[in-house]
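Heads up, the thing below is written out as structure tokens.
The values are calculated or read from the model by the stated rules, or taken from the named source; none is laboratory data. Keep in mind that what you see is a predicted model, and the values were worked out from it rather than measured. With ideal geometry, Cβ positions are generated from the backbone for all residues, glycine too; neighbour counts draw on all protein chains shown. Surface areas here come from the heavy atoms of the whole protein model, side chains and all, with no ligands, DNA or RNA. Shrake-Rupley method; radii C 1.70, N 1.55, O 1.52, S 1.80 Å.
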Amino acid sequence: MNTPPDPTQIGRYTVRAVLGRGAMGVVYQAHDPEIDRLVAIKLVRSDLLQGEEREEFLARFRREAQAAGRCAHPNIVTVHDFALHEGNPFIAMEYVAGISLAGALARGTVFAPDAAVAILRQVLRALAVAHGQGVVHRDIKPANILLRDGGGVKVTDFGISRLDATQLTQDGAVIGTPSYMSPEQCRGEETDAQSDLFSAGVVLYEMLAGRRPFPGRSYAEVAHRLLHTPPVELPAGLAPALAAAVLRALEKRPEARFPSAAA
């Protein structure tokens, strides 16, 4: 099957570059001529919108965009616009110059404890605001944590990513990897703020250890460890309070974790 060419125009936005491709679709860098600024546009794949569930999906996507738009905070990527392009929904968001935490980890970046904690503190501030608005992210992972040029952290895909991680399926399988999911999310149960806090704990562990706490060569192996085994050993030399905080965040039972992002 031939892949359709990338659009040069999405709504009023002029496409300049492809920033990434994923299970949901494509993220573009684009220019907004009305306000003369760069934006990031997430355009959903058209093949995900076929069949009877199309209208339900569009309505849900719109609701999630509205929810994301309520989450205003310096550590959250701002949602500017929601519309349709040739029948497919897109969201225009704040463009963040920098690199994702996933990109930094892929380069082999080793984070000192103080640096890792400083990043996670900003992620938790974002989560506290979102949870206060009743918005659960459901897909906290390094790819959704942006490290800005010049410093600062932005969390992206608030509200939107629940469709990416838990709602859309291909051949009955959940899209994505369980590496950062909470145990309850892996079981397909309803998720709440506690799920985000578990995922944040996984991210903190990876920054500190340079590896994921529940490794595996397949989806099934990772999910089994996530559900049934403790995390692999933390690196030596961590302050006892920090090590204890990581392990508490990674508790299998939600009630055993921290009660809130602020906590």
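If you go through the range 223-245 and keep only what is assigned to a helix (DSSP H, G or I), within 14 Å of E206 (Cα to Cα) and in contact with a Pro (Cβ under 8 Å, 6 or more places away or on another chain), you end up with just L242.
Applying the set (1) part of a loop (DSSP other than H, G, I, E, B); (2) more than 22 Å from R62 (Cβ to Cβ) to A143 leaves exactly one unmet item: (1).
If you filter the range 77-128 down to residues that are touching a strand residue (DSSP E or B) at 6+ places or on another chain (Cβ under 8 Å) and among the polar types (S, T, N, Q), you find that the one that is modelled with the lowest pLDDT is N88.
Of the candidates V96, V110, the single residue that is in a loop (DSSP other than H, G, I, E, B), over 17 Å from A200 (Cα atoms), touching an Asp or Glu at 6+ places or on another chain (Cβ under 9 Å) and of a type outside the set (D, E) is V96.
Name the single residue that is surrounded by the most Cβ atoms within 10 Å (Cβ to Cβ) among those in the range 1-28 being outside any loop (DSSP other than H, G, I, E, B) and more than 18 Å from the chain's Cα centre (by Cα). Step by step, filter the range 1-28, then rank; the result is Y13. Pairing each residue of the range 212-229 that is more than 18 Å from E189 (Cα to Cα) and open to solvent by 50 Å² or more (accessible area, probe 1.4 Å) with any residue that is at pLDDT 95 or above and of a type in the set (V, I, T), provided the two are 6+ apart or on different chains, yields C-beta distances under 8 Å for R212/V202.
Can you tell me which residues in the range 246-261 are assigned to a loop (DSSP other than H, G, I, E, B) and among the small types (G, A, S)? If the condition is that a residue be assigned to a loop (DSSP other than H, G, I, E, B) and among the small types (G, A, S), then S260, A261 are the ones that fit. Among the residues making up the range 80-101, those that are under 24 Å from L147 (Cα atoms), of a type in the set (A, V, I, L, M, F, W, C) and in contact (Cβ under 8 Å) with a residue 60 or more places away in the chain are F90, I91, A92, M93, V96, L101. Of all the criteria given as (1) over 15 Å from the mean Cα position of the chain (by Cα); (2) within 21 Å of E190 (Cα to Cα), the one not satisfied by D157 is (1).
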